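**Student:** Shown below is the structure under consideration.
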Amino acid sequence: MCLRSSSYTSPKPCKHLADYKLRHAFNGYDSLQNCLKTTPIGRTRVDNHNTKIPRCNFCNGYQGRLYICLICSSISCSTHILLHTQSKSGHDVAIDIERSELYCCLCCDQVYDPDFDKVVVSEQIKGSCPGRSNKRRRLDSGMELDLKKSKQLIAMRDGRAKSCYPLGLRGLNNLGNTCFMNSVLQALLHAPPLRNYFLSDHHNRDECKRRYGEKLCLLCEIGALVSAMFSGDRSPYSPAQFLYSWWQHSSNLASYEEQDAHEFFISVLDGIHEKESKVRNSSKDDGDCQCIAHRAFSGSLRSDVTCTICGYTSTTYDPCVDISLNLDTVNLSAAEKTGLSTLSGCLNLFTRAERLGSDSKLHCQNCQELRDTSKQLSISRLPLVLCLHIKRFEHSLIRKTSRKIDQYLQFPFALDMTPYLSSSIVRSRFGNRIFAFECENTDSSAEYEIFAVIAHSGMLESGHYVTYLHVNNQWYKCDDAWICEVDEGIVRASQCYMLFYVQKLLYYKANKDLSCNASVESR
């Protein structure tokens, strides 16, 4: 689905879903409640009691995506779901059994409906308890609770969650394969510079609409999202308006298909930069840009290319908003062959001098001819918020294959980036000599504390993203609409995909500000 006009102000409903609700109201949704089951990891799926293993009624297959018709409860696979619709008039809407998401058989796409979402989220709350324990509890299936008692129990549990969770922790509803978006938004909205910028109303929605007349503005929607997350309301929030605004900015990614979380992260920062550049009438793309995206995440990389014959070095500087790190799967040491890899090892690999191949000879300004060269990267300027992207997805153009690297990565909660600064790298190469470095970081600004981890579980084609947030010395797992406490061991054992660190001084100030806001809210 792609938005081509800026006149859209809300998600456009699917015509076939609207026709279904007009004819059947909520009958299908009500009957569905008896089939919803919360899994041990907090996801909600459709459990068909008629069969232990759901199978397609056409091919008897049970692998891949399976859908259950909202009218006749017939099960079809992704290959035959359209055939079921064509054979039975009006059977246009089905549910993805594994994901509990609405699917329009005629549009061949997932669709979003807030009424359906309420049913699923309500079942998630009934199936699990977000109390002080990090273990999810289920209601005894043998208990016969009427609707009134059930609602009272849900209200009690929800009240306990509200009383113990810090301000800003709020689940985000999955709008159809949008766990990639929800995971990144949780991390972005808890990045202190970004959060404080929008909570301080530096981008005023009313002023923006008055000056530019845009009905869909990415910054306005982020501001609304931050306000909703920090409003004190703990019920799951649906970022539908933000999703449509982002689709308009990144029309090439506008669909209900699963996207890459890192690609989405870069796209959002680009959208913030473009909008603020328009407001400031500036087009700077380097580290001097004063948009909130670059003020928070922008750093600078130094690249030294050295001639192996004469030793002449050519130095260039490039701005960056994140650092992508390879997991060394080619030249594994004996320790790494056991599945253990460290973040410091990845950073050492990133800043290690690399001999370029003979097919990559560069022109040496001193020799005045093509020479073999070596290249070494280092960090010349660190950002306030450091984002480290772990390359877990490999794509081979030659073999035309893709795979996910499941190797475990050991990462610290407190990180000192001093060894990877240009000042440290160059001095280690030339000895303890005095060099002048522009924007050289002090020791304090090179020390970071972790505040968010985005993890990816599952396979390359059918994985799932979650976010772990560190707030007030406690880790919380944000799994779409669900939020619960977890031990730090769970975080360390996760397959981290993106790591978010903030400078230590800013980290402690941000936690202090949050504690003050929470105490004011409790009064």
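The values are calculated or read from the model by the stated rules, or taken from the named source; none is laboratory data. Keep in mind it's a predicted model, so treat the numbers as computed, not measured. Heads up, the Cβs are rebuilt from the backbone with ideal geometry, glycines too, and the neighbour counts pull from every protein chain shown. Surface accessibility is based on the protein's heavy atoms, side chains included, excluding ligands, DNA and RNA. Shrake-Rupley method; radii C 1.70, N 1.55, O 1.52, S 1.80 Å.
**Student:** Any idea how far apart D201 and E263 come out in nm if each label point goes 7 Å out from Cα toward Cβ?
**Tutor:** Between D201 and E263, the simple spin-label model gives 3.9 nm.
**Student:** Moving to a separate point now. Calculate the FRET efficiency for N60 and Q474 from the Cβ-Cβ distance with a Förster distance of 51 Å, rounded to the nearest 0.05. Present the calculation step by step, with values, prior to reporting the outcome.
**Tutor:** Numbers: r = 48 Å, r/R0 = 0.94.
The value I calculate is 0.60.
**Student:** Round to a whole angstrom and tell me the spacing of the C-alpha centers of the range 194-244 and the range 460-480.
**Tutor:** The range 194-244 and the range 460-480 have Cα centres separated by 22 Å.
**Student:** With a 1.4 Å probe and all protein chains kept in place, how much accessible area does Y317 have, in Å² rounded to the nearest 10?
**Tutor:** 130
**Student:** Can you put E447, E276 in order of accessible area, largest first, using a 1.4 Å probe?
**Tutor:** On the way: E447 70, E276 5 Å².
The ordering from most to least exposed comes out as E447, E276.
**Student:** I323: accessible area at probe 1.4 Å, nearest 10 Å²?
**Tutor:** Roughly 10 Å² of I323 is accessible to a 1.4 Å probe.
**Student:** For a protection proxy built on the mean count of beta-carbon atoms within 10 angstrom, sort 170-176, 369-375 highest first, please. Walk me through the numbers on the way to the answer.
**Tutor:** Details: 170-176: 23.6, 369-375: 15.4.
Per-residue Cβ counts within 10 Å, averaged per peptide and sorted highest first, yield 170-176, 369-375.
**Student:** Could you rank the peptides 378-384, 227-233 by their average count of other C-beta atoms within 10 Å per residue, with the highest value first? Working shown, then result.
**Tutor:** Numbers: 378-384: 22.7, 227-233: 15.7.
For the peptides 378-384, 227-233, the packing ranking is 378-384, 227-233.
**Student:** If you don't mind, there's one more thing I want to ask. For D109 and S324 in the same chain, what is the full-extension length gain: residue separation times 0.36 nm, less their Cα-Cα distance, in nm?
**Tutor:** Values: separation 215, 0.36 × 215 = 77.40 nm, distance 3.24 nm.
Between D109 and S324, full extension yields 74.2 nm more.
**Student:** Rounded to whole Hz and in sequence order, give me ³J(HN,Hα) for the range 183-195 from the Karplus expression 6.51 cos²θ - 1.76 cosθ + 1.60, θ = phi - 60°, writing x for Gly and Pro.
**Tutor:** Values, residue by residue: 5, 5, 4, 4, 5, 4, 6, 9, 6, x, x, 5, 4 Hz.
**Student:** Would you tally the net charge around L415, using a Cβ to Cβ cut-off of less than 10 Å, leaving L415 out, and scoring K and R as +1, D and E as -1? Show your work: numbers first, answer last.
**Tutor:** Numbers: positive: K504; negative: D416, E447, E449.
Once positives and negatives cancel, what remains is -2.
**Student:** If Lys and Arg each add +1 and Asp and Glu each add -1, what is the summed charge of the other residues whose beta carbon sits under 13 Å from the beta carbon of V93?
**Tutor:** Numbers: positive: K15, K21, R23, K88; negative: D19, D92, D96, E101, D109, D113, D115.
So the surrounding residues net to -3.
**Student:** Moving on. Cut-off 11 Å, label point 7 angstrom out along Cα-to-Cβ of K15: give me the residues of the range 81-108 whose amide nitrogen falls inside.
**Tutor:** 107
**Student:** Ignoring ligands, DNA and RNA, please state the percent of accessible area on the range 353-429 from carbon and sulfur, probe 1.4 Å. Intermediate values should be presented prior to the final figure.
**Tutor:** Numbers: 2090 of 4300 Å².
The nonpolar share, carbon plus sulfur, comes to 49 percent.
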